[in-house]
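What follows is one structure encoded as C-alpha cells, with my remarks underneath.
The values are calculated or read from the model by the stated rules, or taken from the named source; none is laboratory data. Please read these numbers as outputs of a predicted model, since none were measured by experiment. In case anyone asks, the SASA skips ligands and DNA or RNA and just uses the protein heavy atoms, side chains included. Shrake-Rupley method; radii C 1.70, N 1.55, O 1.52, S 1.80 Å.
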Amino acid sequence: MFEVYIHVPFCLRRCGYCDFNTYTATDLGAGASRGNYANMVIREMKLTKQWQLDHGIAEPPVSTVFFGGGTPTILAARDLVAMLDAVHKIWSIAPDAEITTEANPDTVNEYYINELAAGGFTRVSFGMQSAVPHVLKTLDRMHTPANVAAGVNAANKAGLRSSVDLIYGAPGESLDDWRTSVTTAIDLGVNHISAYALTVEPTTKMGRQIAAGTLPKPNDDDEAAKYEIADDLFAAAGLEWYEVSNWARPGYESQHNLGYWRNVDWAGLGPGAHSHYNAVTEADHPQSASLTAPAGGGCPADAGLGVVSVSHGLRSWDIAHPRLWGTAINENRVPWADSETITPEENLEELIMLGLRLHEGLDLDRINRAINDAGMSSTPQTLRTVSVDQLAPMISEGLITVSDNHRVVPTRRGRLLNDAVIEQFFDFVGV
C-alpha cells in the first residue's frame, strides 16, 4: 500500500494546548502563503515522485490521501481539490481510495462540503474536542457544538463519511462533562469517533498556565476513568474500538490511520511532514549509499538525493518552517530536513509498538520473523522466538489475550497501560 499525507500548517488561531507545526500568519515567505500553498505542495509532489523514480521505488496507486494540519479547510475548497487532482496525475489513485480532510467546524459550510464531494473527497474529520462550552474555552476552541452538527449534516447530505475527534482530560472537565461530550458525539450519528487524552507540552500556552499554577495538571486516574466511560458508551452505541484511541462501526475504520499502524509506505508533503518507506535498498541506488541531506535542509532532485545508507527502510521529515521549506522547493530540492535508516531492530520495535495498539492485534509469527531478521538469534543455527507460554504472565495479569492464530491483542486494561505492555513485550524480545 501507498498513502499520501498533506500537511496544511495554517490556522485561524493557535489553540492553547497545541504543539503542532502550525502558524496563524497568512504569508510565511518563499511562496508559502495561504493563497499559493496548493501550488507549492504540487511542486513538492513532483520532486518527491522524481526522487522515487531515481531510487527505483515503484509504488502502487494511492490507497488513501489525508489532509491534516493545522486547518486544511482554512484554504479554499478548490485548493484542496487541486492538490488531490495532482496526486491522481502524479501517482494515480485507486478507485476505492479513502480521501479525507480534517476540518474546523467554523471554516466549512454546505457549499464548501459540496465542493469537496464533487472534487473526489470521501470523508471529513471534524475537530469537535468537546460539547461543553467551558471545556472548549479552556482548550481555546472557538466553535460551538451547533457548528459541528451543521458540518456533519452537510457531509451526510453530500454523501461523505464523517468522523469527529474528542479530547478528554482538559483542566476543569468533570466526568459528567465528558459524558455529555461522548453522548453528543454519538447522537450526531457519525460512524467513527476518535478520543484522545490531552497531552500537555511545556512550551504551549496551556503548559505555561499549568506550570504557573493557574490551571490544574491533567490527572492520570481521571483520564483512565474517562477512557472507560467512552469505551462503554461507544460500545453500547455499536462503535467498536479498532485502535487504542479510535472507535468505528465495522467497515468505517480510518484506512489512512490503519496504514500508519500497519507500517505501510507513505509520502508526507508540507512543512514538518514525515515520510516512510519500507523497501529502499542500496541495490536500488548504489550511487547514493552514503548520502545525507545537505546543511540547511533539502535534497537535490536527482539520482543522488539525500538518502542515508538504507538496507531495510527509510524515514524522512520535511523542513518544519514554511519559509525554509518553500525556499528548498524554489531551489528544486526535495524539502527534507533529514532522513535516516530504519534498522531491522528499529523496525522490530515499531512493529511491536504499533501492533499492540490495534484490535486486530500483533502478529506473533511476524514478530518472530522480524526478531531473526534483526539478527537477534542466540546462534546462527538457532531461531529465537517469543512463545505464547512466555506471554502467560501478561495474560494472567489481564493485559493481553492471544488468539488461536497467534495474534496478541491488548485488553481494555492493556489499552490503559499500553506503555507498560509494550515495555514488557520489549523485555521478552530483548530490545
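A few notes on this one:
- Whether segment 324-431 is rounded, prolate or oblate, judged on the alpha carbon gyration tensor where a/c under 1.5 counts as rounded: oblate
- Global form of the chain, assessed from the alpha-carbon gyration tensor, a/c cut-off 1.5: oblate
- Pairwise Lys count, the chain - Cα closer than 26 Å, eight or more residues apart or different chains: 8
- Cα gyration tensor shape of segment 106-237, rounded if a/c is under 1.5, else prolate or oblate by comparing a/b with b/c: prolate
- The chain, relative contact order in percent, only Cα pairs under 8 angstrom and at least six apart counted: 15 percent
- With every protein chain in place, segment 6-139: carbon and sulfur % of accessible area (1.4 Å): 52 percent
- Ligands, DNA and RNA are left out, and with a 1.4 angstrom probe the accessible area of the chain is 41 Å² per residue.
- Rolling a 1.4 Å probe over the protein heavy atoms leaves R179 with an accessible area of roughly 100 Å².
- Calculated Rg and Dmax of segment 76-169 using C-alpha coordinates, Å: 14.5, 46
- Fraction of beta bridges assigned by DSSP in the chain that are antiparallel (%, nearest 5): 45 percent
- Direction-averaged projected area, Cα convex hull, segment 202-261: 5.9 nm², rounded to one decimal.
- Highest-MSF residue in the chain out of Q255, Q209, Q52 [GNM, Cα springs under 10 Å]: Q209
- Antiparallel content of DSSP bridges confined to segment 1-149, in %, to 5: 5 percent
- Area of R249 that stays accessible when all protein chains are in place (1.4 Å probe, Å², to 10): 70 Å²
- By the compact-protein rule of thumb, 2.2 N^0.38 Å, the alpha-carbon radius of gyration of segment 1-158 corresponds to a ratio of 1.09.
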